[in-house]
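Here is the structure we will look at, set down as structure tokens.
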Amino acid sequence: MKKIYLLSNPSDGFTNFVGNNLFNDLKNYNNKIVFLPCNYLQEESNAKYHIINTSWFEKYGINFSKNTMLNIEMSEEEIKHYLSEANVLFIMGGKQLEQMKFCYIKNIVDDITNFNGIIVGICAGAINMSNAVTSLYLSGMNNPIQTYYEGFSLVDFNILPHIKDKSKLQINNNNYIILDDNSSIIIENGKYKYDGEYLTLRYPMKNYFLKKELTNYDGTVLKKDIEIILINLVFIICNDSFKTFTDAQIIECKQMFKYVILNMNMDYDRFIKNVNIIKESYRIKGVPDNMFLYKEFIAIKNSIRLARKFVNSNKDKLKIVEISNIIYDRYGVKYDELFKE
């Protein structure tokens, strides 16, 4: 019995909708669960969330005769054995690319795709359930990395977590489903049950992902697609919590603007035209007005201009690595980004 639970980020544990459904699904079984980590090299963090996530099940009277957290020290044979005997697979949140990398290292992508039981995916775990993941991947406070890769092929759409929107649209042949943190979707035999607030978006998916190849895990951009990048960008700035963003989150937004401007060599008219098309097409509400976008655009362009000027006037005095560090600290632009145009 394959049944999929897609969640955004239930920080307070399962909602009653999810918890009660899980209880009904598991109450007559000798349950064994496997946890698939995202940050497979962060053992302390994994152990912490392993306990937390297990307690979510216990709250609803669900206990396990065997509870296994996969780790990098396990052999491929061990991991395959744990997956084969389990009836619950919990795909954890965290860093989505590291999770896929772990699965390729251990050769278990097909085992997860073919897992015949209850599969719970949270945040990055839900993102990786797609057959073709297209999303922005934020690596610390560095530039967002546009990713295109084959996920676990458990669903044929992309989950975009942590986005708040009041709209509710029917799920039907869409490529993106935006989930609020307390929302969830349950899929069984092609039928959907959902709870909370979500938004679906139709977008013509393109077959950009690589079939089980890892060349993109070093952070390189496999293909530049301005519309997909801008969609992700607008999702971020349209979040209801934008007004309460921390300084770090605002920096991330600015990095996205910079990424688009630098890598796409875009002028403002084209930039704002794309944003407006997306707003209209997908009926996104609450987007900051164009003045906000314009100020950010100009600020980043100025930073790039000043950084180039600094490099041109100091390249004979300082080593490249010293210049690189200075301009990134001062302008937020990396040396090798300055001369791509």
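Points to keep in mind about this one:
Results for (1) within 27 Å of Asn158 (Cβ to Cβ); (2) among the charged types (D, E, K, R); (3) assigned to a helix (DSSP H, G or I), shown as yes or no for each residue.
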| residue | (1), (2), (3) |
| --- | --- |
| Asn24 | no, no, yes |
| Ile33 | yes, no, no |
| Trp56 | yes, no, yes |
| Gly61 | no, no, no |
| Phe90 | yes, no, no |
| Gly93 | yes, no, no |
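- Any hit, the range 37-51, residues being assigned by TED's automatic domain parsing to the domain that holds Glu188 and within 19 Å of Phe115 (Cα to Cα): yes
- Asn67 passes every criterion in (1) in a helix (DSSP H, G or I); (2) touching a strand residue (DSSP E or B) at 6+ places or on another chain (Cβ under 9 Å) apart from (1).
- Hits in the range 70-81 - residues which are farther than 22 Å from Asn9 by Cα and in a loop (DSSP other than H, G, I, E, B): Asn71, Ile72, Glu73, Met74, Ser75
- Residue list for the range 283-331, restricted to those being in a loop (DSSP other than H, G, I, E, B), modelled with pLDDT of 75 or more and either surrounded by 11 or more Cβ atoms within 10 Å (Cβ to Cβ) or among the basic types (Lys, Arg) (or both): Lys315, Lys317, Leu318, Lys319
- All of Ser55, Ser84, Ser45 fail the test of being modelled with pLDDT of 95 or more and out of contact with any helix residue (DSSP H, G or I) (no Cβ under 9 Å at 6 or more places or on another chain), apart from Ser55.
- Complete set of residues in the range 101-125 that are in a helix (DSSP H, G or I) and either hydroxyl-bearing (Ser, Thr, Tyr) or touching a helix residue (DSSP H, G or I) at 6+ places or on another chain (Cβ under 8 Å) (or both): Lys101, Cys103, Tyr104, Val109, Asp111, Ile112, Thr113, Ala124, Gly125
The values are calculated or read from the model by the stated rules, or taken from the named source; none is laboratory data. Just so we're clear, the structure is a prediction, and the values are computed from it rather than from any experiment. Don't worry about glycine lacking a Cβ; one is built from the backbone with ideal geometry, like all the others, and counts go over all protein chains shown.
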